[in-house]
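To keep things clear, I will list the structure first and then write my remarks on it.
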Amino acid sequence: MTSTLPTPSAPTTSAATPAHVTPVAALRARRRRRLTLVLVSLGVVLLALATLALTLGAASLPPARALLALLGLGDAQDAFIVHRLRLPRIEAAVLAGASFGLAGGLFQSTLRNPLASPDILGIASGASLGAVTALLVAGLTGLAVSGAAFLGALAVAFCIWFFAWRKGLHSIRFVLVGVGFAYLCSSLLAWLLSNAEVREAQSALLWTVGSVADVRGTELVTLASGLAVLAVAVSLVGRWQGPLALGDDHARGLGVPVDAARVGSLLLAVGLVALATASVGPLAFVALVAPAIARRLVDDGGAALTASALTGAALVLAADVAGQHGLFFGVSAPTGIVTGLVGAPYLLWLLATHGRKSQA
Amino acid sequence: MTATLAGPSRPTDLVARRARRRLLACLSTLAVLALVAVASLVLGVRDLDPATVWQALTAPVAGDVDHQVVLGQRVPRTLIGLAAGLALGVAGTLIQGVTRNPIAEPGLLGLNAGASLAVVCAVWLLGVTSPLGFVWFAFLGAAVAAALVFSIGAGQPVKLALVGATVTALITPLITVVLLRDPTAFNMYRFWAVGSLTGRGLDTLERLWPFLLVGVVLAGMLAHRLNMLALGDDVARALGQRVGVTRAVAGATIVLLAGTATALAGPIALVGLAVPHAARRLVGTDYRWVVALSALLGPVMLLGADVIGRLVLPRTELEAGVVAAAIGAPVLVAVARGRTVAGV
């Protein structure tokens, strides 16, 4: 997770340092302090949100009792509520949020476009299409649905790739081709929904929104282990993100295999999105918003991948708490609706203010 | 037909040839449209021979199942396809002309989503159930969405498309909230949202044709103004055009046409994108011809999509909206791969 800074080769604050190096060293030290501060405070926010999620609910538990139950010391009823009802939900929210945040950070830094997000790119609708096909046409349940969503996301990603590649990967072309596929997928989705039995169609509709409510056991383990593997791979690719941000020519000059780095990063990002979507559904705009917040917090001009993952986790957890306890329209809403309603206005604002300076 | 422009010739000769070519394009499109309409009457899950269809149209026998199918289902379906296709084709041409943007389209710019949200809210909050009641809400929703999208994204082609996609993404969860609460609304909505020409009575068309007529007449009057606008705002202004007025009238016409199409056939995406591109290929960039040809090509595409949808699957149908998206998406991809857009 050393992605945010091209690490200095040695400690530079010794007395023998030449005078002109000192400001650079000071800047780096300041940045590292800031990064640590940001990461620690994100962790604190995450813990606070998790505590809140453990205590709130139909049967309200005070934090002390919730903590005891978490450690296996409380009475049986508390332990049931914490371990069977609330904890899986929190874990799912944190893991999925981290995946989306990390994927968004990779997308945005690789395509050098703060608007690149799997929602706009059609990858999320590919996953929805795969899952709904599995639910409604093949009559599958459980892990098989997740597998179908994974395949759907990958298939759409490869289609976009195939059609957007023309002497290199131009980010705007990538986005536009993605929009085209998003429309194709959503029209097929509407067709599947209209042809199904109404009750099944409604559960499929719920899936297309995304919710962290029903992720348990094997699914949770799959999500956690997948995220762990991909995160290790991301930390290996992450060190190229800094040079890549300078532009292809400069990056090549610094010895980065540009095309391989870009392809690798995008593949990992697609894998992360597919993984998270397969277990919790397409939580709209988390992958867009989390990296943007993280970059602003860290503010070192880098990709801020670790901070993106933590921000994503905090966002999804907060959205789930808000949606569950009726902060929206007085009813409980699935997580994906809350994130969509927060994320889309943010993207509109971004488009309204950002477009003047840059190409998109 | 493509060889006519190749040889060097006198200017007057060239103009005459171009006019002949355009007329030929329009006439052959008209012939194709007639063929598609006949196919739409004849083909389907229940195959009928043309003689039976003719008999049903001219001298219907009460109680004959075939005749009932023709008059009760095929004819309304064909007429609605013609009307909605016309509206979508012309709206797409206007929106591309007025924004000078090759990837503009009512569905892509969020107008369909706005109309859908308004319709869903009408069903849920006010208990409106008839398509005639939907219409006003469809207009209102499309107008609000258009105002939002244009105020944020005006100017840059790619940005406009992104704002449209975002507005759609903003509206979708709102629609879903309503649908998850209200199973009855969901059950009505899912058949409407797929973009189908079936299950709509002719009464909607009877009520809506004046809007369509006004929209098409306005589009015809705007066509030569779009030609000037294509040269840039400054040139158009220097040629004596009030650009703001053109934009406002065009915006109102687009909302009128797109709202009518949505009320008739549901949110159908990408017809308005593909049709103007095809029309420009056939008759060049003069918007007077492009608008006219789009008015013919739109129904060809929508009705053709409907006919294809009836044939591809055994025993069931693919709705027109699905097939139209499947035809339109490759066009969007092709346009996105083109140099003009990628260079923006």
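Output yes when any residue across the stretch B:92-106 is more than 28 Å from B:L231 (Cβ to Cβ), in a loop (DSSP other than H, G, I, E, B) and among the charged types (D, E, K, R), and no when none is. Checked against the condition, which is being more than 28 Å from B:L231 (Cβ to Cβ), in a loop (DSSP other than H, G, I, E, B) and among the charged types (D, E, K, R), the stretch B:92-106 yields no hits at all. Looking across the stretch B:305-315, the residues that are more than 15 Å from the chain's Cα centre (by Cα) and in contact (Cβ under 8 Å) with a residue 60 or more places away in the chain come down to B:V307, B:R310, B:L311, B:R315. Every condition in (1) under 30 Å from A:L87 (Cβ atoms); (2) away from every other protein chain (no Cβ under 12 Å); (3) assigned to a loop (DSSP other than H, G, I, E, B) holds for A:G139 except the one numbered (1). Give the stretch A:66-119 a look and list any residue that's small (G, A, S), buried (at least 24 other Cβ atoms within 10 Å of the Cβ) and not in a helix (DSSP H, G or I), or say none. Across the stretch A:66-119, the qualifying residues are A:A116, A:S117.
Is it true that some residue in the stretch A:33-40 is closer than 28 Å to A:V234 by Cβ, surrounded by fewer than 20 Cβ atoms within 10 Å (Cβ to Cβ) and among the basic types (K, R)? Scanning the stretch A:33-40 turns up at least one residue that is closer than 28 Å to A:V234 by Cβ, surrounded by fewer than 20 Cβ atoms within 10 Å (Cβ to Cβ) and among the basic types (K, R). Go through (1) under 11 Å from the mean Cα position of the chain (by Cα); (2) under 23 Å from B:P210 (Cβ atoms) one by one and return the number of the condition B:A263 breaks. So the condition that B:A263 fails would be (1). Those residues that are of a type in the set (D, E, K, R) and at pLDDT below 80, I need them from the stretch A:84-125; list them, please. Across the stretch A:84-125, the qualifying residues are A:R84, A:R112, A:D119. Quick check: anything in the stretch B:133-141 under 21 Å from A:G340 (Cβ atoms), aliphatic (A, V, I, L, M), away from chain A (no Cβ under 14 Å) and assigned to a helix (DSSP H, G or I)? No, the conditions are met nowhere in the stretch B:133-141.
In the stretch A:144-164, how many residues are of a type in the set (G, A, S) and more than 17 Å from A:S186 (Cα to Cα)? Looking only at that region, the number is 4.
With the requirement that a residue be buried (at least 24 other Cβ atoms within 10 Å of the Cβ) and modelled with pLDDT of 85 or more, what does the stretch A:126-149 give you? Give the derivation first.
Filtering the stretch A:126-149 for residues buried (at least 24 other Cβ atoms within 10 Å of the Cβ) gives A:126-132, A:146, A:149.
Correct list: A:G126, A:A127, A:S128, A:L129, A:G130, A:A131, A:V132, A:A149.
Could you check, for the stretch B:67-81, whether at least one of its residues is under 27 Å from A:V286 (Cα atoms) and either touching a residue at least 40 places away in the same chain (Cβ under 8 Å) or among the polar types (S, T, N, Q) (or both)? Working first, answer last.
The initial filter retains those residues of the stretch B:67-81 that are under 27 Å from A:V286 (Cα atoms), namely none.
Looking through the stretch B:67-81, none of the residues is under 27 Å from A:V286 (Cα atoms) and either touching a residue at least 40 places away in the same chain (Cβ under 8 Å) or among the polar types (S, T, N, Q) (or both).
In summary, helices (runs of 4 or more DSSP H) completely within the stretch A:170-274 and bearing 3 or more residues that are surrounded by fewer than 18 Cβ atoms within 10 Å (Cβ to Cβ) occur at A:198-209, A:217-237, A:248-253. Looking at the stretch B:182-292, the helices (runs of 4 or more DSSP H) lying wholly inside it that each contain 1 or more residues that are modelled with pLDDT of 90 or more, buried (at least 23 other Cβ atoms within 10 Å of the Cβ) and of a type in the set (A, V, I, L, M) sit at B:202-229, B:243-265, B:271-283.
When the stretch B:142-176 is filtered for residues that are more than 8 Å from chain A (Cβ to nearest Cβ), under 20 Å from B:G97 (Cα atoms) and in contact with a Gly (Cβ under 6 Å, 6 or more places away or on another chain), the ones remaining, listed by number, are B:A142, B:A145, B:V149, B:L160, B:G164.
The values are calculated or read from the model by the stated rules, or taken from the named source; none is laboratory data. Keep in mind that this is a model prediction, so the values were computed, not measured. For neighbour counting, all protein chains shown are included, and Cβ atoms are generated from backbone atoms with ideal geometry for every residue, glycine included.
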